[in-house]
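Engineer: Pasting a structure here, questions to come.
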Amino acid sequence: RVLIFPKGNNVDCLSMYLDVADSATLPYGWSRYAQFSLAVVNQVNPKYTVKKETQHQFNQRESDWGFTSFMLLSELYDTNKGYLVNDRVVIEADVAVRKVIDYWTYDSKKETGYVGLKNQGATCYMNSLLQTQYHIPYFRKAVYHMPTTENDMPSGSIPLALQSLFYKLQYSDTSVATKELTKSFGWDTYDSFMQHDVQELNRVLCEKLEDKMKGTVVEGTIQKLF
């Protein structure tokens, strides 16, 4: 159902919310995820219809969701605007209830074939870059062919850390940590919580990899790809 405050919910605006009408009778722990839109139709010129969209995970604590300041009351009640015609306002609601995803039991590998990377704090930009590079087959193959020794440690070798990361992305059943790789960059915890420029990171990483590839079977790969 739609909850409407025609005089505003403590504001000088029309307030409208989508509400789960039977929330009091639903079992403990219930949850409904919905994408929805609410609209006040302009009955003179539909082009000026006011429509707003949102989405929400409805539950016992938040059984209603919507817009406290949907539109100005002065606009709504001005008979020259076309929203109020013959003392009548037309409200439209479009609701799509979606499947609730339980992220505690969600199996990304099973559902998509991929597992993703863990965020260390502010490393989402880096994760995006690494997963983009991982999905370039020739780049991934070149990384795997970079020479390393049994004495190398991932935290001190960018090639080995990247090889290990790509291998885990390919074969792990759960999301993969990036701490070994960032340690090989020389980053500490503070750096992991700082937002860096993704283009600059890409440039520096490619330069380091290009340098490590010199004299190997994959020399020149970076130049050929990028």
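Each reported figure results from applying straightforward, stated rules to the coordinates on display, with no laboratory input. Predicted model only: the values in this text are computed from it and were never measured. Cβ coordinates were reconstructed from backbone atoms using ideal geometry, including for glycine residues, and neighbour counts include every protein chain displayed.
Engineer: In whole Hz, with x marking every Gly and Pro, tabulate ³J(HN,Hα) for the range 8-21 from phi via Karplus 6.51 cos²θ - 1.76 cosθ + 1.60, θ = phi - 60°.
Structural biologist: Residue by residue, the range 8-21 yields x, 9, 6, 9, 8, 9, 5, 10, 9, 9, 8, 10, 7, 4 Hz.
Engineer: Then there is this: Of LYS51/LYS109; LYS51/LYS118; LYS168/LYS214; LYS179/LYS208; LYS179/LYS212, which pairs sit farther than 28 Å apart, going by alpha carbon to alpha carbon?
Structural biologist: Too far apart for the 28 Å limit: LYS51/LYS109; LYS51/LYS118.
Engineer: To continue, here is another question. Give the residue from HIS135, CYS124, THR49 lying farthest towards the positive end of the charge dipole for the chain; charges sit on Cβ (+1 for Lys and Arg, -1 for Asp and Glu) and the dipole is referred to the Cα centre.
Structural biologist: Checked the options; the winner is HIS135.
Engineer: Calculate how many DSSP beta bridges within the chain are antiparallel, expressed in % of all such bridges and rounded to the nearest 5.
Structural biologist: Antiparallel bridges make up about 95 percent of those DSSP assigns within the chain.
Engineer: Tally Lys and Arg at +1 and Asp and Glu at -1 over the other residues with C-beta under 14 Å from the C-beta of LEU14: what net charge comes out?
Structural biologist: 0
Engineer: I would also like to ask the following. Add +1 for every Lys or Arg and -1 for every Asp or Glu among the other residues with Cβ under 13 Å from the Cβ of ALA177, and state the total.
Structural biologist: +3
Engineer: Show me the trypsin sites (Lys or Arg not before Pro) within the range 2-89 that DSSP assigns to loop and that have at most 15 other Cβ atoms within 10 Å of their Cβ.
Structural biologist: Listed in order of number, the matching sites are LYS7, ARG61.
Engineer: Now a separate question. What helices does the chain have that are whole DSSP H segments, at least 30 Å long along their own axis by Cα, and with mean Kyte-Doolittle hydropathy of -0.5 or more?
Structural biologist: Membrane-span-like by this criterion, though nothing is claimed about a membrane: none.
Engineer: In addition: What are the radius of gyration and Dmax of the chain, computed over its Cα atoms and given in Å?
Structural biologist: 26.9, 84
Engineer: So for the range 108-225, averaging the separation of alpha carbon pairs under 8 Å that are six or more residues apart and normalising by length, what relative contact order in percent results?
Structural biologist: This gives 34 percent for the range 108-225.
Engineer: Mind listing the long-range amide H neighbours of GLY8? Cut-off is under 5 Å, sequence gap 5 or more, other chains count too, H placed in the peptide plane at 1.01 Å from N.
Structural biologist: SER15
Engineer: Turning to a different aspect of this structure: Could you work out [θ]222 nm for the chain from helices alone, using -39500 (n - 2.57) per DSSP H run of at least four and dividing by all its residues? Round to the nearest 500 deg cm²/dmol.
Structural biologist: Taken over the chain, the calculation gives -8500 deg cm²/dmol.
Engineer: Ok, one more. Treating the beta-carbon of each Lys and Arg as +1 and of each Asp and Glu as -1, no other charges, what is the dipole magnitude of the range 19-178 about its Cα centre, to the nearest 20 debye?
Structural biologist: With Lys and Arg at +1 and Asp and Glu at -1, about 460 debye.
Engineer: Also, quick follow-up: Counting only Cα atoms, I'd like the Rg/Rh figure for the range 108-225, Kirkwood definition for Rh.
Structural biologist: Rounded to two decimals, Rg over Rh is 0.95.
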